[in-house]
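Contents: one structure, followed by commentary.
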Amino acid sequence: MEKILEVKDLHVSFNTYAGKVRAVRGVGFELNKGESLAFVGESGCGKTVTAKSVLRLLKPPFAVIEEGSQILYKGQDVVHMDKKALSNYRGAEVSMIFQDPMTSLNPTMKVGRQIMESLQIHKKLDKKAAMEEAIHLLKLVNIPSPETRVNNYPHEMSGGMRQRVMIAIALACDPSVLIADEPTTALDVTIQAQIMDLLKELKEKLGTAIILVTHDLGVVANFADRVQVMYAGQVLERGTAREIFYDGRHPYTWALLSSVPKLAKESKQELYALKGTPPDLILPLNHCPFAARCEHCMSICKEQHPPETALSDTHKVSCWLQHPDAPNVTAFSGKEARS
């Protein structure tokens with residue numbers, strides 16, 4: 001498969017009055033053409049910061065991509081791109097669907113004009129051609145009566161329609177990579193399913209690679225080809241969707257899976273809740289970041305960071321339970337978490 005995007009040893013820090021917050025610590029991944037990759041984890045685990053780093057949307061000096069980090073798009077070094085190259089890269093090559101369309105869309109501009117803006121900048125279309133393409137894009141994302149809706153303001157549309165407009169803007173210049181940051185958070189369940197079906201359809205039709213940022217494992221199960229489980233700015237487990245859901249090996253992955261409501265459970269059965277809080281990211285983490293909350297924590301977990309163990313060509317996990325001398329944990333296995 002053709003590799004489009006490669007991120008190596010990504011470190012991102014935020015400079016605050018309290019100290020340097022190391023929000024992303026050594027994250028790496030690859031993305032192939034037409035593939036969907038999901039970042040999952042609790043709020044604050046570094047998913048969105050990683051995604052925004054790919055587009056260099058984090059503003060220095062408050063946010064800094066540390067020296068040694070590599071973001072390669074088709075072999076081009078994104079970290080050191082000049083202003084002109086970065087402008088061509090954003091939107092035309094890689095685009096993003098932001099989390100809340102109501103705050104991302106300009107309330108004073110008609111949605112058609114907002115779609116046209118990207119087309120006129122990157123594709124150099126005249127006003128008439130840009131308007132025709134904007135109508136075509138609204139039709140592509142299944143907005144009814146696109147000829148009329150193109151003249152609506154964001155407040156005249158429902159939440160689902162605004163999200164579709166955001167997708168239309170992101171797709172305007174036929175990007176190779178689409179980053180969807182919690183695209184269904186503010187929507188009801190029915191509209192969530194419609195949006196995810198739309199993204200899946202566009203991926204298959206246009207061959208666009210998609211990075212999905214979400215905490216909703218239900219969304220991931222039916223959409224992603226590969227999954228990366230993130231915690232405290234690090235990747236604890238990575239693999240295909242099937243490997244993560246049916247053969248997850250990290251206790252944090254088990255906890256995430258067990259926290260999802262199951263139809264098979266009795267109505268009065270208590271839902272599993274992960275105890276404790278994530279670590280302070282100002283402090284150094286020279287041990288397993290999940291140690292303080294892990295039910296299977298051993299002495300070495302609090303002393304050394306676990307190496308990444310390859311379970312297959314695609315499935316890797318960073319956990320001391322994979323060591324040959326570690327106890328055989330069966331009390332809280334991935335299978336039990338899903339029961």
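Please enumerate, by chain and number, the aspartates and glutamates with C-alpha under 14 Å from the C-alpha of LYS123, excluding those fewer than 8 residues away in the same chain.
Straight-distance partners of LYS123: GLU93, GLU132, GLU133, ASP174.
Taking Cα centroids, how far is region 95-114 from region 132-192 in Å?
Going from one Cα centre to the other spans 9 Å.
Which helices, taking whole DSSP H runs in the chain, have alpha carbons extending 20 angstrom or more along the helix axis plus mean Kyte-Doolittle at least -1.0?
Those that clear 20 Å and a mean of -1.0 are 189-206.
In Å³ and rounded to a whole number, note down the convex hull volume per residue for the Cα atoms of region 1-156.
160 Å³
Placing +1 on the Cβ of each Lys and Arg and -1 on the Cβ of each Asp and Glu in region 134-230, which of GLY218, LEU178, THR190 has its Cα farthest towards the positive end of the resulting dipole?
The Cα lying farthest towards the positive end belongs to LEU178.
Which value, in Å² and to the nearest 10, is the accessible area of GLU117 when all protein chains are kept and the probe is 1.4 Å?
Answer for GLU117: close to 90 Å² accessible.
Ignoring any ligand, DNA or RNA, what whole percent of the accessible area of region 144-185 comes from carbon and sulfur when the probe is 1.4 angstrom?
45 percent
For a quick size check, give me the Cα extents of region 184-313 along its three principal axes, largest first, whole Å.
Rounded to whole Å, the extents work out to 49, 41, 31 Å.
By accessible area of protein heavy atoms, probe 1.4 Å, what ranking do ILE121, ILE195 get, highest first?
Descending order: ILE121, ILE195.
Report, in listed order, any pair from LYS8/LYS47; LYS8/LYS83; LYS8/LYS316; LYS3/LYS74; LYS47/LYS84; LYS59/LYS124 with a Cα-Cα distance greater than 18 Å.
Correct reply: LYS8/LYS83; LYS47/LYS84; LYS59/LYS124.
Sequence neighbours fewer than 8 away in the same chain don't count; with that in mind, list the aspartates and glutamates whose C-alpha is under 19 Å from LYS20.
Once the sequence-local aspartates and glutamates are set aside, what remains near LYS20 is ASP9, GLU66, GLU67, ASP280.
The values are calculated or read from the model by the stated rules, or taken from the named source; none is laboratory data. Please read all numbers here as calculations on a predicted model, not as lab measurements. Methodologically, a virtual Cβ is constructed for each residue, glycine included, from the backbone with ideal geometry; neighbour enumeration extends over all protein chains shown. For the accessible areas, the whole protein counts, side chains as well, though only heavy atoms, and no ligand, DNA or RNA atoms are used. Shrake-Rupley method; radii C 1.70, N 1.55, O 1.52, S 1.80 Å.
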